[in-house]
Amino acid sequence: MDDAHRRDMGAAIHEIGGGRWLGAAPPLTVAAFVVPIAAGLAGTLLPAFGYLPAIGSARLSLEPWRLLAEYPGLRSSIVLTLTTGVAATLLSLLLAVGFCAQVSGRPWAQRASAALAPLLATPHSALAIGVAFLLLPSGWIVRALSPWLTGWTLPPDLATVGDPRGIALVVGLVLKEVPYLILMISGALNQVPSAPQIAVARALGYNRIAAWLKVVLPQVYPQIRLPVYAVLAFSLSVVDVALILGPGNPPTLAVLAVRWFSDADIHFYFPAAAAATLLGGLVLVAIAAWHGGEQLVAAWGRRWLAVGRRDGLANRLTAGAGAAAIASFAFAALALAGLALWSFATQWRFPAAWPDGLDLANWARRLDGLARPAAITLAIGAAATIIALILVIACLENESRRPRPVGRAALWLLYLPLLVPQVAFLFGAQVLLIRFSADGLFASVVWAHLIFVLPYLFLSLADPWRALDPRYARTAACLGASPARVFFRVKLPLLLKPVLLACAVAFAVSAGQYLPTLFAGNGRVATLTTEAVTLAAGADRRVIGAYALVQALLPMLVWLAAVLVPWFLYARRRGIGRA
Amino acid sequence: MIIPGLRSLLFAAVFAVACDAGAQVIDWNATLAKARGQTVNWNAWAGDEKTNAFIAWVGDEVNRRHGVKINHVKLKDTAEAVTRVVAEKAAGRNADGTVDLMWINGPNFLAMKQQGLLFGPFATALPNFRYVDTTNRQSNVVDFTVPVDGYESPWRTAQIVFVYDSKRIAAPPRSVPELLEWSRRNPGRVTHPNVRNFLGSTFLKQALYELAADPAVLQQPATDANFEAVTAPMWAWYDALKPLLWRGGRQFPENGPAQRQLLNDGEIDMMISFNPSEAAVSIASGLLPDTVRTFVFSKGTIGNTSFVGIPYNAANKEGAMVVADFLLEPATQAVAQDFRQMGNFSVLDLAKLSPGDRKRFDDLPRSAALPTNAELGRVLLEPHPSWMTRIAATWEQRYTK
């Protein structure tokens with residue numbers, strides 16, 4: 001069937017089915033997050049130039065920028081932000097690529113990636129707290145080795161966490177971003193016929209890793225480019241992880257902005273808004289620079305491919321990166337285990353390697369306080385996921401009924417919420433919500449979550465949806481099924497597994513949101529994450545451990561459900577649900 | 001929109017007429033009647049579990065007695081609530097605001113009072129205000145040198161103490177210069193919270209009090225003319241101390257609880273605290289070893305009072321006042337002072353209480369880690385907030401690179 005035919009058929013289906021409302025889906029989806037972000041950016045940009053009538057400043061000026069420039073640590077803060085953000089992204093990409101190069105094509109690759117689910121589901125802040133407990137001079141690692149090996153009866157006075165260069169911060173970020181990038185690469189691999197290509201390359205004498213690097217990676221990278229930019233933007237502007245693991249004097253720019261936004265002196269809004277704006281600019285510059293770097297690497301890579309060496313440093317480096325990735329999973333697992341242990345501990349002092357005692361008293365005390373935020377987290381996550389799912393499926397269905405390639409612009413728009421630093425638009429968005437008296441409502445929080453859930457859900461679902469063989473739908477249509485019937489009886493069952501997995505990703509994203517919940521909920525909607533971050537200030541690891549566990553457990557259960565439901569439903573139809 | 005706005009405007013107007021510099025009158029029965037059924041959004045820092053539990057208990061009690069519910073809006077920093085009220089004012093919501101009651105004092109109070117963001121005066125008209133200690137505890141009526149004027153109502157007191165591990169320190173330093181001497185012998189074993197945190201700047205203020213030639217000037221706003229000269233001895237002392245602090249004075253715990261974690265982990269030997277019961281409370285909840293004890297500097301330490309304030313646009317002002325009044329009740333204050341509950345010394349003047357109420361305080365449990373009133377020594381008044389602001393800014397100028 002040629003293109004013209006396909007278009008005709010698409011148009012025909014479009015006319016038959018309830019396709020009219022489907023056409024509204026893409027603009028609606030874009031509006032759901034572009035409007036608040038645009039309004040929010042304006043609400044941050046104006047105070048950055050001195051305009052905030054609420055506190056008596058109704059004139060544009062450069063005063064906020066002067067105040068920002070006067071901050072003595074500004075230079076170090078910018079350098080710190082850029083180095084940690086770029087280093088975390090580079091390392092995460094390297095480790096993810098190394099891991100994928102090593103496992104690709106092995107029979108257990110699929111299961112290995114699935115095993116990363118718990119790590120993906122764990123919120124950043126929870127993992128960061130666990131990492132801090134491992135790395136501290138009074139942390140678990142030193143405790144395990146003291147005093148019998150180190151001779152330390154008191155913790156050494158070393159800055160292993162919150163070090164001025166931000167090394168602990170980079171470690172904390174890498175642990176979370178590697179699994180995410182691996183997931184993205186696995187998704188992209190579905191679009192690349194990698195197995196036969198690798199077979200050819202190996203027949204030509206390249207080993208498994210070299211084959212993957214030289215043949216598969218160049219096809220995969222363009223597809224994960226946007227997720228990599230998102231990781232870069234996130235690492236540059238992260239707040240909670242930087243608060244826990246990053247240095248405090250000076251802190252990263254994002255922490256500086258949040259610190260000033262919440263300063264007792266409300267006039268700190270102005271430099272705070274300027275700092276948030278500067279951060280937005282830095283993210284743009286960093287992404288542009290990364291893009292430039294891609295061109296250089298590509299030019300060098302072409303020569304490297306042409307030389308055709310069968311072995312070399314790259315192979316060994318990649319193998320090392322793969323091993324480092326596996327070590328990072330083990331480290332993250334240990335961090336979570338430490339938190340879990342704390343939640344049952346009675347007392348646990350340096351240098352004891354193990355708690356003095358374990359009991360359920362802590363959990364018994366927490367249970368009351370945990371139930372309500374857990375229920376709210378579940379409700380918000382479910383609502384945001386379902387709305388996002390309907391919008392995304394409507395967009396994809398609209399696209400498949402009138403085939404027209406999605407422009408790059410549309411994809412960029414989808415990534416907007418992930419590329420713009422949260423601190424740069426959330427304050428402005430809060431003012432917008434208050435103006436419409438919509439702050440503190442359950443619905444507003446769902447909407448705020450939707451902004452971040454939508455892009456992740458779209459990115460998780462778009463590829464499998466587009467990859468579905470169109471002949472299934474055509475066959476059903478030829479047999480007289482209406483588009484709606486085709487959708488519900490053919491497409492949805494075939495795509496059930498990716499749909500549910502995308503929902504699990506979306507739910508995990510929702511469950512981990514801190515700043516959006518705080519701003520849109522006006523502090524009145526308490527989720528597990530807002531409770532956990534607030535309690536983290538209280539620094540009782542037993543409490544933090546309990547909250548972090550439940551915080552991680554909830555998305556994991558959703559994940560498990562997403563895996564088990566198709567397994568039960570299709571237990572007797574092996575071919576289906578494998579998409 | 002007009003009706004509720006008008007109502008609170010009238011309400012405020014009635015107060016303005018009735019209130020003549022501290023002599024306010026509230027029709028308390030009418031307030032109780034209006035308050036019934038309201039849900040008070042109490043914005044309070046929630047980093048302390050004991051306080052959270054206390055607030056929950058207060059919620060149960062006022063609901064049982066007056067039909068007023070409390071929704072504890074948990075904050076990481078009080079300034080978040082200030083931000084919210086500012087944002088509401090920015091959006092033109094001058095009535096029906098979302099913050100009904102907030103835990104507030106010092107710089108936040110000054111900022112909100114100056115910006116006209118507080119409802120009042122109401123505090124001195126609360127029925128239980130008659131028990132408040134307004135003579136010996138000046139901080140109940142002068143908040144960081146700013147006259148309270150009935151714009152906030154006291155509910156708990158704070159005083160600087162130091163908590164130390166008696167297993168590691170036999171004789172703790174009893175003055176600011178002695179602390180420096182002690183640190184020379186024990187480098188890396190003491191720290192203070194980040195100077196952007198109130199406890200961190202308080203550490204420096206305490207030193208300023210002892211080292212300034214004439215501490216009386218601290219009760220006036222700091223000026224460009226006097227700031228440098230007054231603080232010079234303090235900076236000289238701190239320059240000597242800083243390299244002897246934990247992590248060589250290059251890193252600081254973010255806040256008080258983070259600092260307590262360091263003491264519990266054995267990374268430091270003593271810490272500054274704003275709660276005289278901190279040691280006793282923390283031992284009871286397993287957050288510190290049972291060998292910790294409390295001491296203060298012999299020349300006295302800074303003390304202040306925590307208040308609750310009502311934003312100008314609060315939707316449930318009556319309910320908020322009922323809660324503020326309940327917090328001042330002798331029985332409530334006795335519960336608050338019990339270190340097994342919250343462990344905050346009372347704002348009341350025990351001499352003003354009935355013998356029965358006084359007994360509630362006499363019967364409170366004791367602990368070796370709990371200082372007596374005599375041991376707490378002299379309470380010094382908080383300096384004007386401008387000193388704190390300038391010290392924090394100057395600290396950043398001097399030590400942030």
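Listed values, structure above:
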{"item": "Stokes-Einstein translational diffusion, the protein assembly as shown - Kirkwood Rh over all Cα pairs, 0.890 mPa s, 25 °C, in µm²/s", "result": "81"}
{"item": "For the stretch A:460-469, 3J(HN,Hα) per residue [Karplus equation, 6.51 cos²θ - 1.76 cosθ + 1.60, θ = phi - 60°, Hz, x = Gly/Pro]", "result": "6, 9, 4, 5, x, 5, 5, 7, 4, 4"}
{"item": "Descending principal axes extents, chain A, alpha-carbon based, whole Å", "result": "74, 62, 54"}
{"item": "Amide H within-cut-off set for B:Trp45, under 5 Å, with H built and near neighbours excluded", "result": "B:Leu75, B:Trp103"}
{"item": "Degrees, to the nearest 10: B:2-18 long Cα axis against longest axis of chain B", "result": "70"}
{"item": "Under-5 Å amide H pairs with B:Arg156, H placed in peptide plane, nonlocal only", "result": "B:Ser306"}
{"item": "Ranked list, fewest to most other Cβ atoms within 10 Å of each Cβ, for A:Arg365, A:Arg572", "result": "A:Arg572, A:Arg365"}
{"item": "P(r) of the stretch A:63-355 over all Cα-Cα pairs, binned every 10 Å from zero, in whole percent", "result": "6, 24, 28, 23, 14, 4, 0"}
{"item": "Per-residue Cβ neighbour rank within 10 angstrom, fewest leading, A:Ser186, A:Ser237", "result": "A:Ser186, A:Ser237"}
{"item": "Placed amide H near B:Val40: partners under 5 Å, 5+ positions off or other chain", "result": "B:Lys69, B:Ile70, B:Asn71"}
{"item": "Hz values of 3J(HN,Hα) by residue in the stretch A:224-231 - Karplus curve (6.51, -1.76, 1.60), Gly and Pro given as x", "result": "9, 4, 5, x, 5, 4, 5, 4"}
{"item": "Residue-wise HN-Hα coupling along the stretch A:545-550, computed from phi with Karplus coefficients 6.51, -1.76, 1.60 (Hz; x: Gly, Pro)", "result": "x, 4, 5, 4, 5, 5"}
{"item": "B:Leu381, A:Leu173 arranged by Cβ crowding within 10 Å, fewest neighbours leading", "result": "B:Leu381, A:Leu173"}
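A short reminder: the numbers here are calculations on the coordinates, not readings from a lab. Quick caveat, the model's predicted, so the values are computed rather than measured. Note: ideal-geometry Cβ built from the backbone for every residue, glycine included; neighbour counts use all protein chains shown.
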